[in-house]
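Asker: Here it is: the structure, laid out below.
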Amino acid sequence: MKQFSSLHHRLHRMLRQKQLLPAQQRLLVAVSGGQDSLCLGQLLVDLQDKWHWELAIAHCDHGWELDGGLADHVAQVAQSAGVQFYLQIADPNSSLRPTEANARAWRYTALTEIAQTHNYPYVVTGHTQSDRAETLLHNLIRGSGADGLQALTWQRPLASGIHLIRPLLGISRQETGTFCQQYNLPVWEDPYNQDLSYTRSRIRHQLLPLLTTNFNPQVEVALAQTAEVLRAEVAYLETLAQQILQQASREINTLSCLQCFLLQQTPLALQRRVLRRFLLNHHISAPTFTQIEELVSLITAPNGSRTATFPGGYSFQVVDKHLCLQIP
């Protein structure tokens with residue numbers, strides 16, 4: 001077995017501290033072929049004897065023109081590591097490449113399907129501190145609230161009984177690159193990462209270097225720390241909002257409603273969260289800031305006041321001092 005590096009020891013301590021990956025579990029490791037995922041795979045393989053995991057590697061093949069040979073390359077990595085390999089290939093008739101969001105959504109769907117089919121309760125990805133900083137900037141530019149600015153989280157559910165784990169969020173991309181060089185890992189250089197037509201590529205290659213050079217040499221660390229602070233605060237506020245939502249919810253003449261009086265006693269930050277959660281619970285997806293503010297204004301409005309029509313034909317009206325959802 002290779003001699004452990006400082007990165008091995010850091011990951012081992014972090015896993016014990018955060019209890020992200022329990023011992024004696026089946027782990028499905030997502031490997032793209034790039035330095036971050038190869039670093040993750042090698043670290044977990046090397047720590048396997050300490051944690052008694054059963055590892056497998058999964059690769060998602062988009063079928064993109066410049067990725068020819070990549071799936072075979074990752075399969076060889078899995079074979080060299082002595083672990084099971086799973087491959088999911090995208091529908092050649094789908095259009096995954098035009099948007100980053102579509103490609104990312106398909107990868108998570110593919111990984112979930114593999115995990116469900118082969119009984120892996122943990123899917124592990126190689127997202128790093130650098131990815132977290134880039135994601136925060138990306139979401140900030142798009143106008144996200146605190147939920148988006150917490151960026152990548154250490155763990156989240158993918159499906160019933162399946163957890164997505166990101167154990168490298170405290171490790172930078174520079175560190176994973178150094179690790180890959182130290183252990184001679186066969187990194188596949190992804191040409192799409194250099195394509196500045198993608199927003200994330202421009203953030204990585206243009207915006208972050210600009211901020212690092214002209215504003216803060218440790219900007220990546222600072223942004224990742226901000227995301228970590230927001231993660232805890234968002235979790236706390238979301239718990240409070242859920243409690244208030246349960247207390248405020250009423251049914252009036254078969255309409256789903258919220259008590260205006262109770263919401264009036266609630267701080268604005270929690271009002272917004274309660275209303276957003278109410279909308280999501282009724283399958284009104286991705287409510288905008290403007291829509292939420294329109295609902296906030298109804299909390300103190302007289303009976304009969306209404307909102308404009310929401311997507312899907314939904315609207316809200318104040319009925320007997322309750323904010324009620326009108327279903328088309």
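The values are calculated or read from the model by the stated rules, or taken from the named source; none is laboratory data. Nothing here was measured: the structure is a model prediction, and the numbers come from that model. Note: ideal-geometry Cβ built from the backbone for every residue, glycine included; neighbour counts use all protein chains shown. The protein model used for the area step is the full one, side chains on, heavy atoms only, and it has no ligands, DNA or RNA in it. Shrake-Rupley method; radii C 1.70, N 1.55, O 1.52, S 1.80 Å.
Asker: Based on the inverse mean of 1/r over its pairs of different Cα atoms, what is the Kirkwood hydrodynamic radius of the chain, in Å?
Answerer: On the way: mean 1/r = 0.0449 Å⁻¹.
Roughly 22.3 Å, rounded to one decimal.
Asker: Please sort 275-287, 220-232 by packing, taking for each peptide the average over its residues of neighbouring beta carbons within 10 angstrom, highest first. Walk me through the intermediate numbers first.
Answerer: Numbers: 275-287: 15.6, 220-232: 17.8.
Top of the packing list down: 220-232, 275-287.
Asker: Moving on to the next point. Can you give the FRET efficiency to the nearest 0.05 for H73 and F289, using r as the Cβ-Cβ distance and R₀ = 41 Å? Don't skip to the answer; put the middle values down first.
Answerer: Working: r = 44 Å, r/R0 = 1.07.
The formula returns an efficiency of 0.40 here.
Asker: Please give the contour-minus-distance gain from Q84 to E238: 0.36 nm per residue of separation, less the Cα-Cα distance, rounded to one decimal in nm.
Answerer: Values: separation 154, 0.36 × 154 = 55.44 nm, distance 3.87 nm.
This chain segment gains 51.6 nm when fully extended.
Asker: Enumerate the amide H contacts of H163 below 5 Å, restricted to partners 5 or more residues apart or on another chain; note that Pro and chain-start residues carry no placed amide H.
Answerer: Y122, V123, L158
Asker: While we're looking at this one, here's another question. With r defined as the distance between the Cβ atoms of N193 and T117 and R0 fixed at 30 Å, what FRET efficiency is calculated, to the nearest 0.05?
Answerer: Details: r = 30 Å, r/R0 = 0.98.
After rounding to 0.05, the efficiency reads 0.50.
Asker: How far apart, in nm, are the 7 Å Cα→Cβ label points at N216 and L280?
Answerer: 2.7
Asker: Another question about this same structure. With a 10 Å radius around each residue's Cβ, average the other Cβ atoms per peptide and rank 53-59, 264-270, highest first.
Answerer: On the way: 53-59: 21.7, 264-270: 12.7.
Per-residue Cβ counts within 10 Å, averaged per peptide and sorted highest first, yield 53-59, 264-270.
Asker: I want the antiparallel fraction of DSSP beta bridges within the chain, as a percent rounded to 5. Show your work: numbers first, answer last.
Answerer: Numbers: 17 of 34 bridges.
Given both bridge residues lie in the chain, the antiparallel proportion sits at roughly 50 percent.
Asker: Further question: Where does the charge balance sit around F316 when Lys and Arg score +1, Asp and Glu -1, over other residues with C-beta under 11 Å from its C-beta? Mind dumping the intermediate values first?
Answerer: Values: positive: R306; negative: E294.
Cβ neighbours under 11 Å give a net charge of 0.
Asker: Another question, then. May I ask for the net charge around A58, where only other residues with Cβ less than 13 Å from the Cβ of A58 are counted and Lys, Arg are +1 while Asp, Glu are -1? Mind showing how you got there, number by number?
Answerer: Numbers: positive: R26, R107; negative: D61, E113.
Neighbour charge sum, excluding A58 itself: 0.
Asker: Would you calculate a helix-derived [θ] at 222 nm for the chain, using -39,500 (n - 2.57) for each DSSP H run of n ≥ 4 and dividing by the full residue count, to the nearest 500?
Answerer: Value at 222 nm, helices only: -15000 deg cm²/dmol.
Asker: Here is a further query. Around Q155, what is the net charge, scoring Lys/Arg as +1 and Asp/Glu as -1 over all other residues with Cβ under 9 Å from its Cβ?
Answerer: Working: positive: K18, R156, R166; negative: none.
Its environment carries a net charge of +3.
Asker: Follow-up question, since we're still on this one. Only Cα pairs under 8 Å and at least 6 apart count here; give the relative contact order of the stretch 199-266 as a rounded whole percent.
Answerer: Details: 22 pairs, mean separation 9.2, N = 68.
Rounded, it is 14 percent for the stretch 199-266.
Asker: Next question. Accessible area per residue for the chain in Å², computed with a 1.4 Å probe and the full protein assembly in place, what is it?
Answerer: On the way: 16880 Å² over 328 residues.
Counting only protein heavy atoms, the per-residue value for the chain is 51 Å².
Asker: Okay, next question. Full extension from H205 to S6: what is 0.36 nm times the residue separation minus their Cα-Cα distance, to one decimal in nm?
Answerer: Values: separation 199, 0.36 × 199 = 71.64 nm, distance 2.76 nm.
Roughly 68.9 nm would be gained on extension.
Asker: Tell me, how many Å apart are the Cα centres for the stretch 180-197 and for the stretch 1-67?
Answerer: Cα centroid to Cα centroid, the span is 17 Å.
Asker: Would you kindly state how much longer the chain becomes between S315 and E65 on full extension, computed as 0.36 nm times their sequence separation minus their alpha carbon distance, in nm to one decimal?
Answerer: That works out to 85.4 nm of additional length.
Asker: Then there's this: Whole angstrom only: what separates the Cα centroid of the stretch 104-158 from the Cα centroid of the stretch 243-278?
Answerer: Cα centroid of the stretch 104-158 versus Cα centroid of the stretch 243-278: 29 Å apart.
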